[in-house]
1. Identify, from the list A:249, A:224, A:234, the residue that is at pLDDT below 95 and either over 13 Å from residue A:133 (Cβ atoms) or within 14 Å of chain B (Cβ to nearest Cβ) (or both).
2. Scan the range C:31-62 residue by residue and report those that are small (Gly, Ala, Ser) and within 24 Å of residue C:222 (Cβ to Cβ).
3. Could you list, in sequence order, all residues of the range A:117-143 that are part of a loop (DSSP other than H, G, I, E, B) and of a type in the set (A, V, I, L, M, F, W, C)?
4. Grab the strands (runs of 3 or more DSSP E) fully contained in the range B:168-244, keeping just those with 3 or more residues being of a type in the set (Phe, Trp, Tyr).
5. Please verify whether residue D:135 is at pLDDT below 95 and either within 9 Å of another protein chain (Cβ to nearest Cβ) or out of contact with any Gly (no Cβ under 7 Å at 6 or more places or on another chain) (or both), treating the condition exactly as stated.
6. Only residues in the range C:115-132 that are facing chain D (nearest Cβ under 7 Å) and surrounded by 23 or more Cβ atoms within 10 Å (Cβ to Cβ) count as the first member; pair them with residues that are part of a loop (DSSP other than H, G, I, E, B) and among the polar types (S, T, N, Q), Cβ under 9 angstrom, at least 6 apart or cross-chain, and list the lot.
7. Output the residue which, of all residues in the range D:1-45 that are aromatic (Phe, Trp, Tyr) and under 14 Å from residue D:72 (Cβ atoms), is surrounded by the fewest Cβ atoms within 10 Å (Cβ to Cβ).
8. I'd like the residue in the range C:155-167 that is part of a strand (DSSP E or B) and acidic (Asp, Glu) and, out of all such residues, is nearest to the other protein chains (Cβ to nearest Cβ).
There are 4 protein chains.
Amino acid sequence: MSTDQRIHVTVWGEFRHEKQNPQVAALYPQGMHEAIAAPLRADAGLAVRTATLDEPEHGLSAAVLDQTDVLTWWGHLAHAEVRDEVIARVRTRVLEGMGLIVLHSAHYSKIFRALMGDTCSLKWREANDKERLWNVCPSHPIAAGLGDYFELPTEEMYGEPFGIPTPDELVFISWFTGGEVFRSGATWRRGHGRIFYFRPGHETYPTYHDQNVQRVIHNAVHWARPSVRIRDDAPNVKALESLPADPDAARRHEH
Amino acid sequence: MSTDQRIHVTVWGEFRHEKQNPQVAALYPQGMHEAIAAPLRADAGLAVRTATLDEPEHGLSAAVLDQTDVLTWWGHLAHAEVRDEVIARVRTRVLEGMGLIVLHSAHYSKIFRALMGDTCSLKWREANDKERLWNVCPSHPIAAGLGDYFELPTEEMYGEPFGIPTPDELVFISWFTGGEVFRSGATWRRGHGRIFYFRPGHETYPTYHDQNVQRVIHNAVHWARPSVRIRDDAPNVKALESLPADPDAARRHEH
Amino acid sequence: MSTDQRIHVTVWGEFRHEKQNPQVAALYPQGMHEAIAAPLRADAGLAVRTATLDEPEHGLSAAVLDQTDVLTWWGHLAHAEVRDEVIARVRTRVLEGMGLIVLHSAHYSKIFRALMGDTCSLKWREANDKERLWNVCPSHPIAAGLGDYFELPTEEMYGEPFGIPTPDELVFISWFTGGEVFRSGATWRRGHGRIFYFRPGHETYPTYHDQNVQRVIHNAVHWARPSVRIRDDAPNVKALESLPADPDAARRHEH
Amino acid sequence: MSTDQRIHVTVWGEFRHEKQNPQVAALYPQGMHEAIAAPLRADAGLAVRTATLDEPEHGLSAAVLDQTDVLTWWGHLAHAEVRDEVIARVRTRVLEGMGLIVLHSAHYSKIFRALMGDTCSLKWREANDKERLWNVCPSHPIAAGLGDYFELPTEEMYGEPFGIPTPDELVFISWFTGGEVFRSGATWRRGHGRIFYFRPGHETYPTYHDQNVQRVIHNAVHWARPSVRIRDDAPNVKALESLPADPDAARRHEH
């Protein structure tokens, strides 16, 4: 963990829709990543930076990751352009303890798929659905300060079955006008890192300006902060208790 | 699932130690894969074939996988030699529903790591440990017919922490003479497939000739048989309920 | 397990609404328990009996439970009238291995609450909701033969948060017209027994005549069949390995 | 939660062995509960009181529980003497959000059994075993500051199978000299409360003077602090979305 007491957050954004689609640019003039970062910057306990796809190393150099406690990830159009060596580096950091908040269409990002080991597939529809997120675990830190549910007046629909491993914790289930449901907030551990997937956030809606959405992401950043940093290792260890004499030691070979 | 009623099992073995190490060859003259396959062949409800690393496509052509309900996997020396396109094919089949039984040092196989999304690391020692596997879920089908525990007089030690996602079900925990413990039997679902990891099986011990080990693998093959085969898909779907008129339809764009 | 190969099923019904409410009597002239039992009787692999609240010992004598592999439970009006000694007996049988299928308003039965250790509370509404049950685990045996979802044109609504422990497996999530969601099919193990909660089944609707509902209950009965019967015990055991001499043996006392 | 910022902890002890057994009295002259409380009192962020069986209402009046954020529980000889109305009150507070730390032989306490819904049975032996607790979830807050494992030179043995529901999180697995293993640190949610079971602590050993044991309990108290207090309720709710006109409204009856 970082040497100062703040949680060091890196907000990663693909930052392509904003340059191509005037509607998205109008909603997020500084980019979606800046809209996600802004409310986090209001918390003096967080040190927030952003990084985007078209920066060198996608803004995720070893030095940046080394100083990152929690990474948030939004991507959609250009999952395939994220370089495998950067993904390997992010994956390693998560397994060492870095928190990861996976947002909306990043269900199909290379990093989420690599950590889930599953299809991560879902149904979808861009129409005119209302989304109501039911809080099924009100005592979870990620749900703090939310009531029984909150609503987004218009969002893209994601529907079940969602191709994910059984979550360690299920926090939100969404209801959609068009008739579907979705496990829209869920957590997993991988290695020593904590992962939270949060469904809302389609680029053509003002979702990241919504106070409840901001609150969930803020809660999740605090929840996902690392308590350890442990590098991967598979040590050959000596016995802690005495073993019987080995009648057959000569047959051993190197592992 | 196959058209006849039998469960079609493919037993995959690396088959290298047996050619290089006379001790292993003495224990497993037909190869470890044949020792694993033999007791399964005694069950008329199973149709068993074997496949090994040095066959074309590692013996795992699309046609073979298409006819495989449950795949067992033992590898150790040559994980890196397994070609990525074969792993991708196996992974796809598991996610469609094929069962996968992962044996011993295959904790570090490409296929297990890809499906777990975790380090899969552990402590290890080749010495003179006894392993006692405690049955912590006696009602689980994989534990059927075993008592409270069974023992292997000498085995390689694997110790915690084991870098795996929280198992859906924990079936066995091992005790080792040298002082360690290990989650030695555990299950997960990925996609529509069932996965069982089973710890014992170091090549220099007669582990696959042990009747309890054979029973566990036999039970696991039955447990892991598919009930569905569903190809991965992320469909764009129509609403099942009427949506309000979209005041803003023009702004929609292609996903 | 019973000596013949069939699964011995006892369908328990409160059988009070049917005597008091002509609407319910019209839907279920032989009682809801008989409507639940009828499609099970069509399976030659099942031996089905029924039992109801107003029979001696509620129809659940020690002899009946001794011969029961899977018990289904529907209650609503009269949870408090079920005698505690009968509940204790049922609970003991579940912990020994008997399967238990808990239906609809039995979320508040004494037996379900005793086995969950939780509030089992939920929101509810009797109105005019349609229920759509989404199949979130298509490879689960309880979901076999169902598609992506099935619908009940009118049902009572149950809404989240549902006061249950984290399910071992989540099979169905319901969508309701009025805007709620519910974890409507979920499994747990307790002791050596398997438990399935299944939400639909309000007495004023023809739910137990629905073929999908019948299929789920039929699947669940097969899934919940016991593989062991193990009586509860907390044995004082001898060491399996030699212990160091105890320098302080005199201080030991009886547990 | 309490109005000041401290976590209000009540350490409950049966306090009978200490009065009956000189060996226990010598180890714990102020009682085991005071030995458990002492290191917690050293944390200015905690407000710690104790309560014991032979106080009026076992020291657990409604007023005390109302001011308790986290309750720790040690009992052994006299589980049956704890009055059911006090257990009901404690259970209600846990379901509302109060944390509960269950210690050693309290695996058989009324409160743990009521919240688990399971047998809570285990094997046991009072002999001369060493216990080594392996840390299988190093990133868990309860494991903070512990290494890969810690040891207790002599302890009572508890062995698997342990009759508990699948833990939400498994933190420690114990190795015993005599050949057994045990899931010795595990968490569950019930209602809005967090529960941690921690195995060590037999009365004839100086376990609660061990710094690692003290650290685990201290960590667990912080981990179990409530974030909400929500009273149990099963509200009849109005629809959030418009329902179709009910053609059949007259048939509805009171729930």
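The values are calculated or read from the model by the stated rules, or taken from the named source; none is laboratory data. Fair warning: this is a prediction, and the values are worked out from it, not measured in the lab. All Cβ positions, glycine included, derive from the backbone under ideal geometry; neighbour counts span all protein chains shown.
1. A:249
2. If the condition is that a residue be small (Gly, Ala, Ser) and within 24 Å of residue C:222 (Cβ to Cβ), then C:31, C:35, C:37, C:38, C:42, C:44, C:45, C:47, C:51, C:59 are the ones that fit.
3. A:120, A:122, A:136, A:137
4. In the range B:168-244, the matching strands (runs of 3 or more DSSP E) lie at B:169-176, B:193-198.
5. No: the conditions fail for residue D:135.
6. Qualifying pairs under 9 Å: C:129/C:177.
7. Initial filter on the range D:1-45 (aromatic (Phe, Trp, Tyr)): D:12, D:15, D:28.
Checking the rest, the ones that are also under 14 Å from residue D:72 (Cβ atoms) come to D:12, D:15.
On the way: D:12: 31, D:15: 23.
Out of the qualifying residues, it is D:15.
8. Residue satisfying both the conditions and the ranking: C:156.
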